[in-house]
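Worksheet for the structure shown next.
The values are calculated or read from the model by the stated rules, or taken from the named source; none is laboratory data. Everything quoted here is computed from the prediction, not taken from an experiment. Don't worry about glycine lacking a Cβ; one is built from the backbone with ideal geometry, like all the others, and counts go over all protein chains shown. To get the accessible areas, we keep the full protein, side chains included, count just its heavy atoms, and leave off ligands, DNA and RNA. Shrake-Rupley method; radii C 1.70, N 1.55, O 1.52, S 1.80 Å.
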Amino acid sequence: MNYMERYEFWCNAGLPEDVQNELAAIRTDEEELKGRFGGDLQFGTAGMRGIMGAGSNRLNRYTVRRAAQGMAAWLSGTELPKIAAIGYDSRHNSRLFAEVCAVAFAEAGIRTWLYDRLAPTPMLSFAVRELGCGCGIVISASHNAGAYNGVKCYGPDGCQMTDEPAAIVTAKIADIPYFVPESKSFHAFMAEGMISYIGQDVWEKYYRTVLNEAVDPEMLKSAGLNIVYTPLCGTGMEPVHAVLGKLGVHITTVACQAKPDGDFKTCEYPNPETDAALNESYKVAKTVPCDVILGTDPDADRVAIAVPDGKESFVKLSGNELGCLLLDYILKARTARNDIPEGSIAVRSIVSSPLADRIAKHYGVSMKAVLTGFKYIGGEILELEKKGEQNKFIFGFEESCGYLKGTYARDKDAIVASMLVCELAASLKKQGKNILDALQEMYRTYGYYLAHVQSIELTGADAMEKAAKMMADLRADVPASIGGAAVTGVRDYKTSVAKDLTTGEETHIELPKSNVLELLLGSKGSVIARPSGTEPKVKFYYTAVGETKEAAKALLDAMVAQMSK
């Protein structure tokens, strides 16, 4: 069907009056019609995400129901437990979509557990494992603007769904017609016991498990630490206060962002990677004692921090900087206690800072680099678990502000990361230092690794083709140098071939194939190009290394300037 045929199909489907009115209002808006009905909202490895509204290319109860029915059909065809867990965040329709998914599972004979209130994404990952589920779903669009929502899908290990099962779910969805009525209501399935709420005992066990990941909780209790915290109108409020409160941290919450708000009125783009996400926190932190500002994104799987600079302003750390500081803190403390098992590993994504490799090596720990996506970090934990060696997992992180210590969940967790940040800050406070002091000490010790992410957004009907051409052109014409630094090697994750340009030697990359290209600049850094799988954009990840901050910054600026042309 073309977009007008899809539109008419929806108009004639006998949908509720509010949906019919929404459809009638766009009848003469061709651009809106193409956007909403130009295709079906795509299900990928992480599920699906999109703008909410009526239409086949929008997130609504009908597209969500088909996705859940596809998940149920996949699970029914496996040997996995016919049990599912569902969580949801503070966005508009999140609770509704969670109940829609629960009904779709129950109709397929799948026993379903649902959080009775807002719960962070990592708590869903935890529940999948704790309740012995075959799969799980979180209704969230993470850090996207308020118009968006999404369906994040999880496998039995608590990791986001991988390529193979996701492909099966996609095929199942294609065979499911729209607008199949629910056989029973959510409340009817609740009365029958096919759907139940996740009890407070699971919340408390999650809290205990997170607290067990503390490196030195007694030190934190005596430090008198003051933080300013914002949940960015999302799910972090209850668990962050529960965990940090038990450790004696004094918390001042940003009042205008404390309550759930699907419109995110005080933070239009609630992405902790951006400095603007903490604007309201900066205002509050100027009026109260503050050692650290903490901000968790709406589904509380990512956290960002900012630190007072002593000059009435604040310095926000990048995801790479915080990840490296936490890694160093954990390894230093555990080395002092002599409790790092032989053969232990830390894990980072390939687009995260290689500074972490130097830190890990300093403490005798191996660093594994995996593809972007926390499920690949979770996959490394699973491999250790299969060998009964999960205690050898030290820490995992992504440059996009995602961190995990422990194996209780298989997704990034802002709650455990917030606790570790407070521990780090408290340990430094007792030494008369702060996190900025530790950051400079880290750079002086290991070298200045500066990073920058550039997102090239493409427009037009052929935008995805433009993104593909950009990658193809870069592969076909690798520059001899970038920013004045010679390109010494190319790692093409699409072909799984790494080539040393100085010797011509080729080696195999032991990672799943992915459309990622890495240009190595010897000891001076790298540039990594990666297109989005769902949006018409290409991301470039720059790393510049120098003996001084000034040298690294000059190289980074030159690299970005050249590639931008």
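Between the listed residues HIS250, TYR269, TYR282, the Cα displaced farthest toward the positive end of the dipole of region 232-289, a dipole computed from Cβ unit charges relative to the Cα centre, is found at HIS250. Nearest 5 is fine: what % of DSSP beta bridges in region 327-446 come out antiparallel, could you say? Taking every DSSP beta bridge within region 327-446, about 25 percent pair in antiparallel fashion. The accessible surface of region 464-522, taken with every protein chain in place and a 1.4 Å probe, is 55 percent carbon and sulfur. Averaging over all projection directions, the Cα-based convex hull of region 167-292 occupies 12.7 nm² in the image plane. From its DSSP helices (H runs of at least four residues, each -39,500 (n - 2.57)), the chain gives a residue-normalised ellipticity at 222 nm of -12000 deg cm²/dmol. Computed from point charges on the beta carbon alone (+1 for Lys and Arg, -1 for Asp and Glu), the dipole magnitude for region 364-421 about its Cα centre is near 120 Debye. Within the chain, which DSSP H helices have Cα atoms that stretch 15 Å or more along the helix axis and a mean Kyte-Doolittle hydropathy of at least 0.0? Result, helices passing both filters: 94-107, 163-174, 319-337, 414-430, 549-564. A simple spin-label model places pseudo-atoms 7 Å from Cα toward Cβ; at GLU79 and ASN391 they are separated by 3.0 nm. As a ratio to 2.2 N^0.38 Å, the alpha-carbon radius of gyration computed for region 1-127 takes the value 1.16.
In terms of accessible area, using a 1.4 Å probe and ignoring ligands and nucleic acids, SER196, SER418 rank largest first as SER196, SER418. When you restrict to C-alpha pairs under 8 Å that are six or more residues apart and normalise by the size of region 47-156, the relative contact order lands at 35 percent.
Close amide H partners of GLY47, meaning residues 5 or more places away or on another chain with modelled amide H under 5 Å apart, are CYS153. Here the chain is assigned +1 on the Cβ of each Lys and Arg and -1 on the Cβ of each Asp and Glu. Its dipole about the Cα centre then comes out at about 800 debye.
Between region 347-420 and region 22-81, how many Å separate their Cα centres? Using only Cα atoms to place each centre, the spacing works out to 32 Å. The distance linking region 263-285 with region 510-543 is 28 Å (Cα centroid to Cα centroid, whole angstrom).
For the chain, the relative contact order comes to 11 percent (Cα pairs under 8 Å, sequence separation of at least 6).
Roughly to the nearest percent, how much of the accessible area of region 346-430 is carbon and sulfur, given a 1.4 Å probe?
45 percent
For region 197-282, the list of trypsin sites (Lys or Arg not before Pro) that fall in a loop by DSSP and count at most 13 other C-beta atoms within 10 angstrom reads LYS265. Among the protein heavy atoms of region 179-229, carbon and sulfur supply 53% of the accessible surface, probe 1.4 Å, non-protein parts ignored.
The residues of the chain expose on average 41 square angstrom of accessible surface per residue, using a 1.4 Å probe on protein heavy atoms. Each residue, LYS494 and VAL180, gets one label point 7 Å from its Cα in the Cβ direction; the gap between the two is 3.7 nm. Normalised by the number of residues in region 212-298, the mean separation of alpha-carbon contacts (under 8 Å, six or more apart) gives a relative contact order of 41 percent. Students often get this wrong: which residues of region 57-87 have the backbone nitrogen under 20 Å from the point 7 angstrom along Cα-to-C-beta of ALA463? Only 57-60 pass the distance filter. Counting only DSSP beta bridges with both residues in the chain, what percent are antiparallel, rounded to the nearest 5? Once the DSSP bridges in the chain are tallied, antiparallel ones form about 65 percent. Taking a straight line from the alpha carbon of LYS34, these lysines sit under 28 Å away, with near neighbours fewer than eight places off in the same chain left out: LYS152, LYS172, LYS466, LYS469, LYS537, LYS539. Counting Lys and Arg as +1 and Asp and Glu as -1 over every other residue whose Cβ lies under 10 Å from the Cβ of TYR493, the net charge comes to +2.
If I take R0 = 45 Å and measure r between the Cβ atoms of ALA276 and ALA369 in this structure, what FRET efficiency does the formula 1/(1 + (r/R0)^6) give, to the nearest 0.05?
After rounding to 0.05, the efficiency reads 0.90.
Selection among ALA72, GLY14, VAL351 by position relative to the dipole of the chain gives VAL351 as farthest towards the positive end (Cβ unit charges, Cα centre). With both labels modelled 7 Å from their Cα along Cα-to-Cβ, the ALA476 to GLU510 distance reads 3.5 nm. Fully extending the segment from HIS187 to ARG208, taken as 0.36 nm per residue of separation minus the present Cα-Cα distance, adds 4.4 nm.
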